[in-house]
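Asks: Questions regarding the structure given below will be posed in turn.
The values are calculated or read from the model by the stated rules, or taken from the named source; none is laboratory data. The shown structure was predicted, so the numbers you read here are calculated from the model rather than taken from an experiment. Here the Cβ positions follow ideal geometry from the backbone for every residue, glycine too, while neighbour counts run over all protein chains shown.
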Amino acid sequence: MSTRDLLDPQLAATVASIEVSLDAEGLARLRRSRVAPSTSDRVARHDHVVPGDVEVPVRVHRPIDVEGPLPALFWIHGGGYVVGTHLNDDPMFEDLCPRLGIVGVTVGYRLAPEVAYPGAIEDCYLALRWTVDHATELGVRPDRIGIGGVSAGGGLAAALALMARERGGPGVAFQLLDSPMLDDRQITPSSQQDDMPMWSRESNRFGWQSYLGARYGDDDVPVTAAPARATDLTGLPPTFVSVGGLDGFVDEDVDYAMRLNRTGVPTELHVYPGACHGYRAAPKADVTRQSQRDRDDWLRRQLSD
């Protein structure tokens with residue numbers, strides 16, 4: 001029996017329709033795809049450019065007609081470090097902002113292979129620092145800013161928490177890691193399987209090679225590039241980790257969550273049977289709905305503290 005035989009039947013059609021093999025040719029094709037424009041009238045969106053050695057675009061989402069400072073979720077998009085845009089996250093915040101009463105901040109970091117590590121994580125750190133420094137004008141509670149991301153964005157969020165700790169700030173209230181891409185070494189059993197849907201072993205290698213550049217394969221890759229390499233996880237914020245049971249990242253994600261837990265970091269872990277990487281692309285599937293409920297329940301608890 002192959003891994004694909006264990007795939008949730010409600011995900012099968014979606015996987016078959018959008019699955020791609022990520023390589024140089026596939027990357028060019030994916031980057032040509034367009035982002036659907038936002039249409040919601042429940043959320044106001046404002047674009048900013050964070051100044052620095054490199055200008056970093058951010059988009060701020062705020063529920064309409066909600067006054068006073070609100071908690072915020074600083075979100076980092078996925079795409080294997082090589083594809084995607086922060087504008088892809090508009091639908092997520094059109095839903096979350098009015099329903100949870102939060103401000104969403106999304107960051108447009110530079111992509112590999114054109115810009116290798118530490119380009120993306122430094123962009124994210126600069127944008128997070130800007131968000132905290134401008135909290136008052138953004139209508140955000142500076143003490144209740146959490147970070148999160150999906151896939152490579154989850155890896156960057158984990159790295160961002162480590163970087164903020166190492167640099168003495170800014171403070172991070174919580175981190176939400178959705179199927180995070182954490183380990184460049186690909187040494188776990190799940191990362192070495194050949195038949196993982198949506199994000200193959202070959203795609204994973206391409207993403208890491210692109211992001212790490214000349215560092216790929218080295219023993220001394222920094223923890224802010226590959227958070228799974230971190231041996232000291234003390235002082236990190238409360239953490240939510242979720243991943244599909246058929247995701248090549250499942251072993252590294254479960255290990256990271258368990259090590260956080262053993263260190264004393266309040267950590268909630270969810271592994272969804274039959275779910276592959278990118279399963280949220282099937283929004284009506286029962287497993288997707290369950291994962292969203294779990295995420296939202298955890299977020300509400302963090303936002304209310």
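Asks: What number goes with the only condition from (1) of a type outside the set (Asp, Glu); (2) surrounded by fewer than 21 Cβ atoms within 10 Å (Cβ to Cβ); (3) touching a residue at least 24 places away in the same chain (Cβ under 8 Å); (4) not in a loop (DSSP other than H, G, I, E, B) that Cys97 does not pass?
Replies: So Cys97 meets the others, but not (2).
Asks: I'm told Leu126 meets every condition in (1) touching a residue at least 60 places away in the same chain (Cβ under 8 Å); (2) closer than 20 Å to Leu236 by Cβ except one. Can you identify the failing condition by its number?
Replies: (2)
Asks: Here is a follow-up. Can you find even one residue in the stretch 34-43 that is at pLDDT below 95, at negative phi and touching a Ser or Thr at 6+ places or on another chain (Cβ under 8 Å)?
Replies: Taking every residue of the stretch 34-43 in turn, at least one turns out to be at pLDDT below 95, at negative phi and touching a Ser or Thr at 6+ places or on another chain (Cβ under 8 Å).
Asks: Would you point out the residue of the stretch 113-141, among those that are assigned to a helix (DSSP H, G or I) and of a type in the set (Ser, Thr, Tyr), that is surrounded by the most Cβ atoms within 10 Å (Cβ to Cβ)?
Replies: Thr131
Asks: Please determine, by comparing only the residues of the stretch 18-72 that are β-branched (Val, Ile, Thr) and in a strand (DSSP E or B), which one is farthest from Pro113 (Cα to Cα).
Replies: Within the stretch 18-72, the subset β-branched (Val, Ile, Thr) is 18, 20, 35, 39, 43, 49-50, 54, 56, 58, 60, 64, 66.
Those still in the list that are in a strand (DSSP E or B) too: 43, 49-50, 56, 58, 60.
Details: Val43: 34, Val49: 23, Val50: 22, Val56: 17, Val58: 21, Val60: 27 Å.
So, considering only residues that are β-branched (Val, Ile, Thr) and in a strand (DSSP E or B), the one farthest from Pro113 (Cα to Cα) is Val43.
Asks: Tally up the residues in the stretch 97-123 that are closer than 19 Å to Asp65 by Cβ and charged (D, E, K, R), please.
Replies: 1
Asks: Suppose we keep only residues that are outside any helix (DSSP H, G or I) and of a type in the set (Gly, Ala, Ser) within the stretch 147-194. Which one would you say is surrounded by the fewest Cβ atoms within 10 Å (Cβ to Cβ)? Steps first, please.
Replies: Step one: of the stretch 147-194, the residues outside any helix (DSSP H, G or I) are 147-151, 167-189, 193-194.
Next, only the ones that are of a type in the set (Gly, Ala, Ser) stay: 148-149, 151, 168-169, 171, 173, 179.
Values: Gly148: 25, Gly149: 29, Ser151: 26, Gly168: 7, Gly169: 10, Gly171: 13, Ala173: 20, Ser179: 31.
Checked the stretch 147-194; the qualifying residue surrounded by the fewest Cβ atoms within 10 Å (Cβ to Cβ) is Gly168.
Asks: Kindly check whether there is at least one residue in the stretch 65-85 that is in contact with a Gly (Cβ under 8 Å, 6 or more places away or on another chain), more than 24 Å from Arg205 (Cα to Cα), surrounded by fewer than 24 Cβ atoms within 10 Å (Cβ to Cβ) and of a type in the set (Val, Ile, Thr).
Replies: yes
Asks: Kindly evaluate Asp286 against the criterion of being of a type in the set (Asp, Glu), surrounded by fewer than 18 Cβ atoms within 10 Å (Cβ to Cβ) and within 18 Å of the chain's Cα centre (by Cα).
Replies: no
Asks: Separate question: What do you reckon, is Arg110 assigned to a helix (DSSP H, G or I), among the basic types (Lys, Arg) and surrounded by fewer than 20 Cβ atoms within 10 Å (Cβ to Cβ)?
Replies: Answer is no for this residue.
Asks: Restricted to the stretch 293-305, and to residues that are closer than 26 Å to Thr14 by Cα and in contact (Cβ under 8 Å) with a residue 12 or more places away in the chain, which residue is nearest to the chain's Cα centre (by Cα)?
Replies: The qualifying residue nearest to the chain's Cα centre (by Cα) is Arg295.
Asks: Considering every residue within the stretch 195-205, establish whether at least one is modelled with pLDDT of 95 or more, surrounded by 24 or more Cβ atoms within 10 Å (Cβ to Cβ) and under 16 Å from the mean Cα position of the chain (by Cα).
Replies: No.
Asks: Return the residue satisfying two criteria in turn: it lies in the stretch 42-64 and is buried (at least 17 other Cβ atoms within 10 Å of the Cβ) and charged (D, E, K, R), and of such residues it is nearest to Tyr125 (Cα to Cα).
Replies: Filtering the stretch 42-64 for residues that are buried (at least 17 other Cβ atoms within 10 Å of the Cβ) and charged (D, E, K, R), the one nearest to Tyr125 (Cα to Cα) comes out as Arg59.
Asks: Oh, and also: Can you tell me how many residues within the stretch 216-238 are farther than 21 Å from Ala112 by Cα and either of a type in the set (A, V, I, L, M) or touching a Leu at 6+ places or on another chain (Cβ under 7 Å) (or both)? Walk me through how you get there before you give the answer.
Replies: At the first step, the residues of the stretch 216-238 found to be farther than 21 Å from Ala112 by Cα are 230-238.
Filter again for either of a type in the set (A, V, I, L, M) or touching a Leu at 6+ places or on another chain (Cβ under 7 Å) (or both), leaving 230, 233, 236.
The total comes to 3.
Asks: Give me the pairs, please: first residue somewhere in the stretch 140-167 and more than 20 Å from His277 (Cα to Cα), second residue anywhere and in a strand (DSSP E or B) and of a type in the set (S, T, N, Q), beta-carbon distance under 6 Å, and either six or more positions apart or on two chains.
Replies: Here the result reads Ile147/Gln175; Ala161/Gln175, each pair linking the stretch 140-167 to a residue that is in a strand (DSSP E or B) and of a type in the set (S, T, N, Q).
Asks: So which residues in the stretch 258-287 are out of contact with any Gly (no Cβ under 6 Å at 6 or more places or on another chain) and either among the acidic types (Asp, Glu) or in contact (Cβ under 8 Å) with a residue 60 or more places away in the chain (or both), if there are any at all?
Replies: Residues of the stretch 258-287 out of contact with any Gly (no Cβ under 6 Å at 6 or more places or on another chain): 258-270, 274, 277-278, 280-287.
If the condition is that a residue be out of contact with any Gly (no Cβ under 6 Å at 6 or more places or on another chain) and either among the acidic types (Asp, Glu) or in contact (Cβ under 8 Å) with a residue 60 or more places away in the chain (or both), then Glu268, Gly274, His277, Gly278, Arg280, Ala281, Ala282, Lys284, Ala285, Asp286, Val287 are the ones that fit.
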